[in-house]
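Q: First the structure, which I've put down as structure tokens, then a few questions once you've had a look.
The values are calculated or read from the model by the stated rules, or taken from the named source; none is laboratory data. Here the structure is a predicted model, which means the values were calculated and not measured. Note: ideal-geometry Cβ built from the backbone for every residue, glycine included; neighbour counts use all protein chains shown. Only protein heavy atoms, including side chains, enter the accessible area calculation; ligands, DNA and RNA are left aside. Shrake-Rupley method; radii C 1.70, N 1.55, O 1.52, S 1.80 Å.
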4 protein chains.
Amino acid sequence: MRAAATPDEIDAVVRRIGELGLTAIPLPGAERTAIGTFGVAAREHADQLESLPGVAEIVHVSRPFKLSSREVQPADTTVRIAGVPIGARSPVVVMAGPCSVETREQTVETARAVGRAGAAILRGGAYKPSTSPYHFRGLGVPGLEILAAARDASGLPVVTEVLTPADVGIVADAADCLQIGARNMQNFSLLDAVGELRCPVVLKRGMAATIEELLLSAEYILAKGNPNVILCERGIRTFERYTRNTFDINAIPLLKRLSHLPVLADPSHGTGKWYLVAAVALAAVAAGADGLMIEVHPTPDHALKDGFQSLTFENFAGFMALLPAVAAAVGRPAGLPVAARP
Amino acid sequence: MRAAATPDEIDAVVRRIGELGLTAIPLPGAERTAIGTFGVAAREHADQLESLPGVAEIVHVSRPFKLSSREVQPADTTVRIAGVPIGARSPVVVMAGPCSVETREQTVETARAVGRAGAAILRGGAYKPSTSPYHFRGLGVPGLEILAAARDASGLPVVTEVLTPADVGIVADAADCLQIGARNMQNFSLLDAVGELRCPVVLKRGMAATIEELLLSAEYILAKGNPNVILCERGIRTFERYTRNTFDINAIPLLKRLSHLPVLADPSHGTGKWYLVAAVALAAVAAGADGLMIEVHPTPDHALKDGFQSLTFENFAGFMALLPAVAAAVGRPAGLPVAARP
Amino acid sequence: MRAAATPDEIDAVVRRIGELGLTAIPLPGAERTAIGTFGVAAREHADQLESLPGVAEIVHVSRPFKLSSREVQPADTTVRIAGVPIGARSPVVVMAGPCSVETREQTVETARAVGRAGAAILRGGAYKPSTSPYHFRGLGVPGLEILAAARDASGLPVVTEVLTPADVGIVADAADCLQIGARNMQNFSLLDAVGELRCPVVLKRGMAATIEELLLSAEYILAKGNPNVILCERGIRTFERYTRNTFDINAIPLLKRLSHLPVLADPSHGTGKWYLVAAVALAAVAAGADGLMIEVHPTPDHALKDGFQSLTFENFAGFMALLPAVAAAVGRPAGLPVAARP
Amino acid sequence: MRAAATPDEIDAVVRRIGELGLTAIPLPGAERTAIGTFGVAAREHADQLESLPGVAEIVHVSRPFKLSSREVQPADTTVRIAGVPIGARSPVVVMAGPCSVETREQTVETARAVGRAGAAILRGGAYKPSTSPYHFRGLGVPGLEILAAARDASGLPVVTEVLTPADVGIVADAADCLQIGARNMQNFSLLDAVGELRCPVVLKRGMAATIEELLLSAEYILAKGNPNVILCERGIRTFERYTRNTFDINAIPLLKRLSHLPVLADPSHGTGKWYLVAAVALAAVAAGADGLMIEVHPTPDHALKDGFQSLTFENFAGFMALLPAVAAAVGRPAGLPVAARP
């Protein structure tokens, strides 16, 4: 639509598209509103639609993803987690914390330590996917309560994983941002459920998913009306055996080129080895990542899950001291973001 | 336990294991009952347990999967779908039908055609996972009703996919066997939910899952108490671009060696090309598969999903004519199974 | 060219194509001669060439491989190794023997044992690629002498690997068929060198090579004038850790569809586990393989290389007893081929 | 050996190891000499050897690679190409130039342009591996002459690929550094041949090679006596289809941790898309790469090979302007290296 298009003109175009048997979703942008239109016959009706009042131009999108596409929305999207902005025009945001919430002490202590070192957001899992039914699957509701306590103690907003549609409500009430894990990237019922909210969602790439599939999964959430999607590269499965996964660094600039959504890097899962985390985290920032997700544990060798990839407080603080120079070198706004909470 | 162990002796062992803080699951077999025991300290208490009345021996299982393991249960398991037996001692079972239920005519016509050609079970999707939110996602409840009509018309029991825990009840009421698709192999909430039933479950290998992970996902269902799990190899993702997936033929004899559960092959997804389906299906049977899952459509070029990998009625019948000789060559019991329904 | 085209007409077409700045290679077939033509401008001149005497039709080949393509040569090629025919119209050929030639006794004993069990060709390595410079790299020339002795003792022709262009002459003098290993599939100097001979060549697929790349490597040998190329699927590298490689069963029918060349299966490298070899070998035959390459060792646990994937004499004989029924079930000519040597 | 060990003492230890039937290779370091010892019985004789004069300690190496291992040689190795130092203690070295040498003008022009922008070394291929026999395979000897001319014109030393043992002499005479390409990483005859020289060698990781295999291939060269090996990560093959390869960023810090050898990154092949090259190059430097190898072409859309991944002169200069800040941010010595030639 033209920059000067009125709400009535926008409504009229949406209505007309509906009459043609197609789906239309308005995409309000900083300067003007785009209208995403989907359906096999969409191209045939382009001429008719172009003549409606307020229509600026018809853009045929060449990729199967639409709402997440930079073709449809050229300007970078900023998503806010409890006031902390994440996106291309904001400082690099660091989300840090334990893989799993184990105890109140462990979680609060970690939240304070990562906050002191400059992390803006606390991560930690109350519901944990586990390959084996005999391993730790998270504390559940008591874990959510511990995260709330850690938020109060540290002032950091909380991101935590949700595993199934039935839990979306309770997790969204407790957290500032939801996380969809790699194994659930194509759990479409779950994507639909978080799409019904307006809560920010970190969507992790599946371990054998292509970039196109990641963007199509984001599309599920966006198409339900939730615009607050943050993409996260966390490594793919390859034949390499010295590392747990292979962090796909190409994905960072590729996602920034194809999509307007913010892009995070998770070097903890992306490497599976604590001694590679800092180097790969700096690499991700140099490649253009808008934020990082890093596992930190007071005593990694006692962690119930994934201790081998967690940083100690000391190693995390050491890494955080290196980050500003690399971020500045690639033109990021100065200063690490701070939480908006008092 | 010894073959002559009494129910009281079995109960006493289970109780004693519980007192030690471990989990015990009795596994009744053809000749005797095994008791699966899990927990970090399980090995320390082996001596104590070995002295209890009725205990034959303590076997330490070396793989992380237990209930699905041939170490724990050496004899082949036979799972029955509405009376049709599936397992190493039964004829090769063919499940065939459309990828998606589209219309009553298409589904009933296909059910009758595959039944005439020798298929024992009808497959068809009412709930379809779709990579894109803009593509066909299945008819839902009306699709289940069409499947019921096709069962009545053809006499074939029905296997159909369930996507989310909330739908497990309604799908299990309508179908004779549930299917967990590749994308949901690690949807642990869904595995838990189908584990609560006694309905047979076809569990498909995820497209980047290892054999160990597949067996651990089966373990989720078994650990909840549902013993009727059928494993299914359906191809893994590789760099090859002439095929949709790479069917892992090694997985067939490997799963038969590691596990007592029945093993299916899905050459339709495993190749993604209709002209490779028959050759790979015969290969899977020669390698020891207990059954096949094959997509058939009256007019594959008009299918709403996956037409390129579906066989026509004629191609399917041609394939079925080749199957008995290959099955006999590897020692399968003669005669294709027929449905138990009148 | 038409079936009735004269040599002069064929020469005239080849000459005319040369004048157009393109390369032409005549491909004599059972019924008529095709002329492969390569070069960017080939399509522009199609009309001119079609009007020449003896030309039947111009076929535009859609794949990047030409001489190996079934579009160019529709009839199946039969390659003969010392008189043993290999191809779609011949019985399944089994090549068996030790991974490495270690001693005269081991090699002769194995040759006799596999011959008694029905193998038609002896395989064994005198020059071995080794991932580590500190491991066994083969006996070299003395190994070739041992292979000659084993051929004399057993009557079986010999296939053995060549690693570098400088050795092609000496290995071709000693062997009945050369093998290009997976690591050398894209050693283009070596492909050129074996292309200069008329000796049969088994070309193994590289462990991360696509089907298209395998056919393009075959194309190197064919384009130099050696038509006796046998393709071999030997497994690709994936993330699966219970097996050494993933045997790509799809490749068997796909190669038979795309190419007229004979196709072998190597289930020893394709699985890396002796207990999977027989099942995958039968699967490959059921899928249409023209032959098998199987590692056999008198005492696999003492083998210098790859013992874990070698069959004992007893296991090999057991497998060979199962093979005829499966081969017959998919319509292979009856009777295992016997060596042409007296 | 102790830092104060005399040459006679070192010789005595080497001689004694030889008497034990083991291989010993002295590894002179900055502070002291290590002696690599190989053979199955090496551990049994540790006690005897430890008592010899000048011996400081016996280190049992846990990885299968030895000479390339940091366990054997803890200090970073610096390799010099015509005087340009490459290694952890030197500035980041940029090698740039065309994929293939096409014409004198193209090559000289590119050499001057990349030199002006700060590249220290010219890269360019005279012998090119090509997947298809019908594509450009390089100019050969005339290409080497053009590279010599470009070196004279620009003052930049030259690195170029060698494909086969027979060409090693002629290429080494013409170039300052040899390159072993990804397809030849396990061409062991070629590794042996370059191991006989003292010329620096860039060894690229194969596209499905593990890190361990890369280091074992380096071991071939080192074991022949050539210490001047530079490792190069250039992307691995995965299922992702938007990029040509997946650059394995994990490999950079992992190789630096496991080995003392210098590590290069090739983001041109690692991405296959010119618009991703700069971001991934900066990422590699942030992760610790000692140098970069980047394809530059005056008119990428007219390149005979790989134009789509080549930078224009302008894009390359733009990238070079960003490099110093990122290098400085991770503590690299200031200043880009300049060629030692006048």
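Q: Out of (1) out of contact with any Leu (no Cβ under 9 Å at 6 or more places or on another chain); (2) in a helix (DSSP H, G or I); (3) surrounded by 23 or more Cβ atoms within 10 Å (Cβ to Cβ), the odd one out for C:A328 is which?
A: (3) is the only condition that C:A328 fails.
Q: Looking only at segment C:129-136, decide whether some residue is away from chain D (no Cβ under 11 Å), assigned to a loop (DSSP other than H, G, I, E, B) and either open to solvent by 10 Å² or more (accessible area, probe 1.4 Å) or aliphatic (A, V, I, L, M) (or both). Spell out how you get there, then give the answer.
A: Of all residues in segment C:129-136, those away from chain D (no Cβ under 11 Å) come to C:136.
Applying the additional criterion that residues be assigned to a loop (DSSP other than H, G, I, E, B) yields C:136.
From what's left, either open to solvent by 10 Å² or more (accessible area, probe 1.4 Å) or aliphatic (A, V, I, L, M) (or both): C:136.
Yes, because at least one residue in segment C:129-136 is away from chain D (no Cβ under 11 Å), assigned to a loop (DSSP other than H, G, I, E, B) and either open to solvent by 10 Å² or more (accessible area, probe 1.4 Å) or aliphatic (A, V, I, L, M) (or both).
Q: Moving on. Looking at segment C:275-286, which of the residues that are open to solvent by 10 Å² or more (accessible area, probe 1.4 Å) and small (G, A, S) is nearest to B:D248 (Cα to Cα)?
A: C:A279
Q: Which residue pairs have Cβ atoms under 6 Å apart, sit 6 or more places apart or on different chains, and have a first residue in segment D:120-145 that is over 19 Å from D:V296 (Cα atoms) and without any contact (Cβ under 8 Å) to a residue 40 or more places away in the chain and a second that is hydrophobic (A, V, I, L, M, F, W, C) and open to solvent by 30 Å² or more (accessible area, probe 1.4 Å)?
A: D:P133/C:A223
Q: Could you check B:T238 against (1) among the hydroxyl-bearing types (S, T, Y); (2) crowded, with 22+ Cβ neighbours inside 10 Å; (3) more than 15 Å from B:H269 (Cα to Cα) and say which number it fails?
A: Exception for B:T238: condition (3).
Q: Taking segment B:262-271, which residues are open to solvent by less than 10 Å² (accessible area, probe 1.4 Å) and either assigned to a helix (DSSP H, G or I) or among the small types (G, A, S) (or both)?
A: Quick first cut of segment B:262-271, residues open to solvent by less than 10 Å² (accessible area, probe 1.4 Å) only: B:262-268, B:270-271.
B:A265, B:P267, B:S268, B:G270, B:T271 - these are the residues of segment B:262-271 that are open to solvent by less than 10 Å² (accessible area, probe 1.4 Å) and either assigned to a helix (DSSP H, G or I) or among the small types (G, A, S) (or both).
Q: Right, here's the next one. Sort out which residues of segment D:147-180 are in a helix (DSSP H, G or I), of a type in the set (A, V, I, L, M, F, W, C) and over 13 Å from D:T107 (Cα atoms), and write them in order of number. Full working, then the answer.
A: Keep residues of segment D:147-180 that are in a helix (DSSP H, G or I), which gives D:147-154, D:165-174.
Next, from what is left, pick out any that are of a type in the set (A, V, I, L, M, F, W, C): D:147-150, D:153, D:166, D:168, D:170-172, D:174.
Within segment D:147-180, D:A166, D:V168, D:I170, D:V171, D:A172, D:A174 qualify.
Q: Being closer than 21 Å to B:V84 by Cβ and more than 22 Å from the chain's Cα centre (by Cα) is the filter here; which residues of segment B:297-318 pass it?
A: B:A317
Q: Suppose the filter is more than 8 Å from chain A (Cβ to nearest Cβ), surrounded by fewer than 24 Cβ atoms within 10 Å (Cβ to Cβ) and touching a strand residue (DSSP E or B) at 6+ places or on another chain (Cβ under 9 Å); does B:V168 pass it? Steps first, answer last, please.
A: Details: more than 8 Å from chain A (Cβ to nearest Cβ): yes; surrounded by fewer than 24 Cβ atoms within 10 Å (Cβ to Cβ): yes; touching a strand residue (DSSP E or B) at 6+ places or on another chain (Cβ under 9 Å): yes.
So B:V168 passes the test.
Q: Cβ contacts < 6 Å: first residue touching a residue at least 12 places away in the same chain (Cβ under 8 Å), restricted to segment C:296-307; second residue of a type in the set (A, V, I, L, M) and not in a strand (DSSP E or B), any location; separation 6+ or different chain. Result?
A: The qualifying pairs are C:V296/C:V114; C:H297/C:A303.
Q: Scan segment A:117-128 residue by residue and report those that are part of a strand (DSSP E or B), more than 14 Å from chain B (Cβ to nearest Cβ) and not charged (D, E, K, R). Give the derivation first.
A: Initial filter on segment A:117-128 (part of a strand (DSSP E or B)): A:121-123, A:125.
Add one more test, that the residue is more than 14 Å from chain B (Cβ to nearest Cβ), and what stays is A:121-123.
Selection gives A:I121, A:L122.
Q: Also, I was wondering about something else. Let me spell it out: the conditions are (1) modelled with pLDDT under 85; (2) in a helix (DSSP H, G or I); (3) exposed (fewer than 14 other Cβ atoms within 10 Å of the Cβ), and B:L49 meets all of them except one. Which number is the exception?
A: If we test B:L49 against (1) modelled with pLDDT under 85; (2) in a helix (DSSP H, G or I); (3) exposed (fewer than 14 other Cβ atoms within 10 Å of the Cβ), just (3) comes out false.
Q: Also, I was wondering about something else. Which of the following residues is hydroxyl-bearing (S, T, Y), open to solvent by 20 Å² or more (accessible area, probe 1.4 Å), out of contact with any helix residue (DSSP H, G or I) (no Cβ under 7 Å at 6 or more places or on another chain) and more than 16 Å from A:H260 (Cα to Cα): A:T103, A:T110? Write out each step before concluding.
A: Numbers: A:T110 fails: open to solvent by 20 Å² or more (accessible area, probe 1.4 Å).
Among A:T103, A:T110, only A:T103 is hydroxyl-bearing (S, T, Y), open to solvent by 20 Å² or more (accessible area, probe 1.4 Å), out of contact with any helix residue (DSSP H, G or I) (no Cβ under 7 Å at 6 or more places or on another chain) and more than 16 Å from A:H260 (Cα to Cα).
Q: Please determine whether any residue of segment D:77-87 is surrounded by fewer than 24 Cβ atoms within 10 Å (Cβ to Cβ), among the charged types (D, E, K, R) and within 14 Å of chain C (Cβ to nearest Cβ).
A: No, segment D:77-87 contains no residue that is surrounded by fewer than 24 Cβ atoms within 10 Å (Cβ to Cβ), among the charged types (D, E, K, R) and within 14 Å of chain C (Cβ to nearest Cβ).
Q: Within segment D:275-323, count every residue that is part of a helix (DSSP H, G or I) and modelled with pLDDT under 95. Step through it out loud before you land on a result.
A: Just the residues of segment D:275-323 that are part of a helix (DSSP H, G or I), to begin with: D:275-286, D:300-302, D:307-309, D:313-323.
Still in the list and also modelled with pLDDT under 95: D:300-302, D:307-309.
So the answer is 6.
Q: Another question, then. I'd like to verify a number: residues in segment D:206-231 that are away from chain C (no Cβ under 12 Å) and open to solvent by less than 10 Å² (accessible area, probe 1.4 Å), how many?
A: Adding up the residues that qualify gives 5.
Q: Here is a follow-up. Do we have any residue at all in segment C:245-257 that's among the small types (G, A, S) and open to solvent by 20 Å² or more (accessible area, probe 1.4 Å)? I'd like the intermediate steps shown before the answer.
A: First, the residues of segment C:245-257 that are among the small types (G, A, S): C:251.
Of the ones still in play, those that are also open to solvent by 20 Å² or more (accessible area, probe 1.4 Å) are none.
Within segment C:245-257 (the criterion being among the small types (G, A, S) and open to solvent by 20 Å² or more (accessible area, probe 1.4 Å)), the answer is no, since none of the residues qualifies.
Q: Can you tell me which residue in segment D:146-175 is nearest to C:R63 (Cα to Cα), limited to those that are of a type in the set (D, E) and without any contact (Cβ under 8 Å) to a residue 12 or more places away in the chain? Explain how you work it out, then say what you get.
A: Initially, segment D:146-175 is screened for residues of a type in the set (D, E), giving D:152, D:161, D:167, D:173.
Going one step further and asking which of them are without any contact (Cβ under 8 Å) to a residue 12 or more places away in the chain, we end up with D:152, D:173.
On the way: D:D152: 43, D:D173: 40 Å.
Among residues in segment D:146-175 that are of a type in the set (D, E) and without any contact (Cβ under 8 Å) to a residue 12 or more places away in the chain, the one nearest to C:R63 (Cα to Cα) is D:D173.
Q: Now for a separate question. Out of contact with any Lys or Arg (no Cβ under 9 Å at 6 or more places or on another chain), modelled with pLDDT of 95 or more and not in a loop (DSSP other than H, G, I, E, B), is that true of C:I252? Quick ask: steps written out before the conclusion?
A: Details: out of contact with any Lys or Arg (no Cβ under 9 Å at 6 or more places or on another chain): yes; modelled with pLDDT of 95 or more: yes; not in a loop (DSSP other than H, G, I, E, B): yes.
Criteria met by C:I252.
Q: Please go through (1) farther than 24 Å from C:I81 by Cβ; (2) at pLDDT 95 or above; (3) touching a Pro at 6+ places or on another chain (Cβ under 9 Å) for C:H260 and return the number of the only condition it doesn't satisfy.
A: (1)
Q: Moving on to the next point. Pairs under 6 Å by beta carbon, first residue facing chain A (nearest Cβ under 8 Å) in segment D:245-262, partner among the β-branched types (V, I, T) and open to solvent by 10 Å² or more (accessible area, probe 1.4 Å), six or more apart or different chains?
A: Here the result reads D:T246/D:T238, each pair linking segment D:245-262 to a residue that is among the β-branched types (V, I, T) and open to solvent by 10 Å² or more (accessible area, probe 1.4 Å).
Q: Are any residues in segment C:181-213 part of a helix (DSSP H, G or I) and closer than 16 Å to C:S130 by Cβ, and if so, which ones?
A: So the first thing to find is which residues in segment C:181-213 are part of a helix (DSSP H, G or I), and the list is C:182-184, C:188-195, C:211-213.
Listed by number, the residues that qualify are C:A182, C:R183, C:N184.
Q: Somewhere in segment C:186-205, is a residue basic (K, R), surrounded by fewer than 24 Cβ atoms within 10 Å (Cβ to Cβ) and within 12 Å of another protein chain (Cβ to nearest Cβ)?
A: Going residue by residue through segment C:186-205, those that are basic (K, R) are C:198, C:204-205.
After this cut, where a residue has to be surrounded by fewer than 24 Cβ atoms within 10 Å (Cβ to Cβ) as well, the list is C:198.
If we keep only those that are within 12 Å of another protein chain (Cβ to nearest Cβ) too, we end up with none.
Within segment C:186-205 (the criterion being basic (K, R), surrounded by fewer than 24 Cβ atoms within 10 Å (Cβ to Cβ) and within 12 Å of another protein chain (Cβ to nearest Cβ)), the answer is no, since none of the residues qualifies.
Matching residues to (1) farther than 28 Å from B:T312 by Cβ; (2) open to solvent by 10 Å² or more (accessible area, probe 1.4 Å); (3) of a type in the set (A, V, I, L, M, F, W, C):
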{"position": "B:K66", "(1), (2), (3)": "yes, yes, no"}
{"position": "B:Y127", "(1), (2), (3)": "no, yes, no"}
{"position": "B:G143", "(1), (2), (3)": "no, no, no"}
{"position": "B:L147", "(1), (2), (3)": "no, no, yes"}
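Q: Something else now. Could you tell me how many of the residues in segment C:121-159 are β-branched (V, I, T) and in contact with a Lys or Arg (Cβ under 7 Å, 6 or more places away or on another chain)? Let's see the steps before the verdict.
A: Taking segment C:121-159 first, the residues β-branched (V, I, T) are C:121, C:131, C:141, C:146, C:158-159.
The next check asks that each one be in contact with a Lys or Arg (Cβ under 7 Å, 6 or more places away or on another chain); those that pass are C:146, C:158-159.
So the count comes out to 3.
Q: Where the second residue is acidic (D, E) and open to solvent by 10 Å² or more (accessible area, probe 1.4 Å) and the first is within 19 Å of C:V159 (Cα to Cα) and lies in segment C:213-232, which pairs have Cβ atoms under 8 Å and are six or more apart or on separate chains?
A: From segment C:213-232, the pairs are C:N226/C:E196.
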